Amino acid sequence: MEIRHFDRRRYPTVSVETGYGEWAATYEDTVLDLMDLRLLERVQTLDWPQIAEVADLACGTGRVGAWLREQGVAAVDGVDLTDEMLALARAKGIYRRLEQADLAATPLPAAHYDLVTAVLVDEHLAELGPLYREAARLAHPSGRFVLVGYHPHFMLDGIPTHYNRTDGEPATIACYVHLFSDHVRAAQAAGWTLGEMHEGLIDDDWLAQKPKWAQHYLRPVSFAVVWT
């Protein structure tokens, strides 16, 4: 479902390439670790230091890659669509390999990775099937796929992915609402089985950093799923 059906803010909409290209310089100052990294910390079914190789799809500025390396992951390969994001990821010096490519058709090797990650990107995909199929292609037979996403409940409440452009004006990045049933169907079609799931709420920690979000208190804002 396109976000335009629910969007209450009605900012001008830009493409993924344009949006993340412009947002790259301030992205890490804007996206809170509470949105995604806190959920990764809750995962119980993965022994991070025992993971040898990870494919980080839509790696962005390298926030997730850096977190993975801090947990003891040996090697991380990243893929992203945007030059500006990749430049920042490259500057961190923590990726073994970085490629500019569509996350649904990467040049990374098949049946190779212990873990595939995709964080805060699924809402920009018109269809989920290609992402789940590519993750299945990249993972070796006992590999896992971790997806962290923008919660559909929050998007249905009318708040799309947005940022402030260089002129200070806000813009929405083209995005779609995917229900959890959409994820389950796409995952099962690609051969994945649900292993673990967590949901992140707007809690006191959130309000300490975003007090204007008090109206969203205790509403789910993000989620993490581990597929096997």
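Those residues that are within 15 Å of Y20 (Cα to Cα) and either in contact (Cβ under 8 Å) with a residue 60 or more places away in the chain or surrounded by 23 or more Cβ atoms within 10 Å (Cβ to Cβ) (or both), I need them from segment 55-80; list them, please. Give the derivation first.
Initially, segment 55-80 is screened for residues within 15 Å of Y20 (Cα to Cα), giving 57-63, 79-80.
Within segment 55-80, L57, A58, C59, G60, T61, G62, V79, D80 qualify.
Consider segment 1-38. How many of its residues are buried (at least 16 other Cβ atoms within 10 Å of the Cβ) and either within 24 Å of A126 (Cα to Cα) or over 17 Å from the mean Cα position of the chain (by Cα) (or both)?
Going through segment 1-38 one residue at a time, the tally reaches 16.
Among the candidates A224, A208, A190, A186, which residue alone is over 20 Å from the mean Cα position of the chain (by Cα), among the aliphatic types (A, V, I, L, M) and farther than 20 Å from R8 by Cβ? Quick ask: steps written out before the conclusion?
Working: A224 fails: over 20 Å from the mean Cα position of the chain (by Cα); A190 fails: over 20 Å from the mean Cα position of the chain (by Cα); A186 fails: over 20 Å from the mean Cα position of the chain (by Cα).
Among A224, A208, A190, A186, only A208 is over 20 Å from the mean Cα position of the chain (by Cα), among the aliphatic types (A, V, I, L, M) and farther than 20 Å from R8 by Cβ.
I'd like to know if segment 5-17 contains one or more residues that are of a type outside the set (S, T, Y) and part of a strand (DSSP E or B).
Yes.
For segment 20-33, what are the residues that are under 26 Å from F145 (Cα atoms), in contact with a Lys or Arg (Cβ under 9 Å, 6 or more places away or on another chain) and assigned to a helix (DSSP H, G or I)?
If the condition is that a residue be under 26 Å from F145 (Cα atoms), in contact with a Lys or Arg (Cβ under 9 Å, 6 or more places away or on another chain) and assigned to a helix (DSSP H, G or I), then Y27, E28, D33 are the ones that fit.
Given (1) exposed (fewer than 15 other Cβ atoms within 10 Å of the Cβ); (2) within 16 Å of the chain's Cα centre (by Cα), identify the lone condition not met by D122.
Here D122 clears every test but (1).
Just to check your reading of the model, which residue among T117, T166, T106 is within 21 Å of W48 (Cβ to Cβ) and polar (S, T, N, Q)?
None of the others qualify; the one that does is T117.
Got a sec? Which of V121, V116, V184, V146 is touching a Ser or Thr at 6+ places or on another chain (Cβ under 9 Å) and hydrophobic (A, V, I, L, M, F, W, C)?
V146
Within segment 156-196, track down each residue that is surrounded by 14 or more Cβ atoms within 10 Å (Cβ to Cβ), at pLDDT 95 or above and part of a helix (DSSP H, G or I).
F180, D182, H183, V184, R185, A186, A187
Do we have any residue at all in segment 93-107 that's over 24 Å from S15 (Cα atoms) and of a type in the set (D, E)? Break it down stepwise before answering.
Residues of segment 93-107 over 24 Å from S15 (Cα atoms): 93-97.
Imposing the further condition that a residue be of a type in the set (D, E) reduces the set to none.
Taking every residue of segment 93-107 in turn, none turns out to be over 24 Å from S15 (Cα atoms) and of a type in the set (D, E).
Would you be able to say whether some residue in segment 21-32 is charged (D, E, K, R) and under 18 Å from W67 (Cα atoms)? If you could, list the steps in order and put the result at the bottom.
Taking segment 21-32 and keeping what is charged (D, E, K, R), we get 22, 28-29.
Going one step further and asking which of them are under 18 Å from W67 (Cα atoms), we end up with 28-29.
Within segment 21-32 (the criterion being charged (D, E, K, R) and under 18 Å from W67 (Cα atoms)), the answer is yes, since at least one residue qualifies.
The values are calculated or read from the model by the stated rules, or taken from the named source; none is laboratory data. From a predicted model like this one, the values you see are computed outputs, not experimental measurements. Glycine gets a Cβ as well: all are built from the backbone with ideal geometry, and neighbour counts include every protein chain shown.
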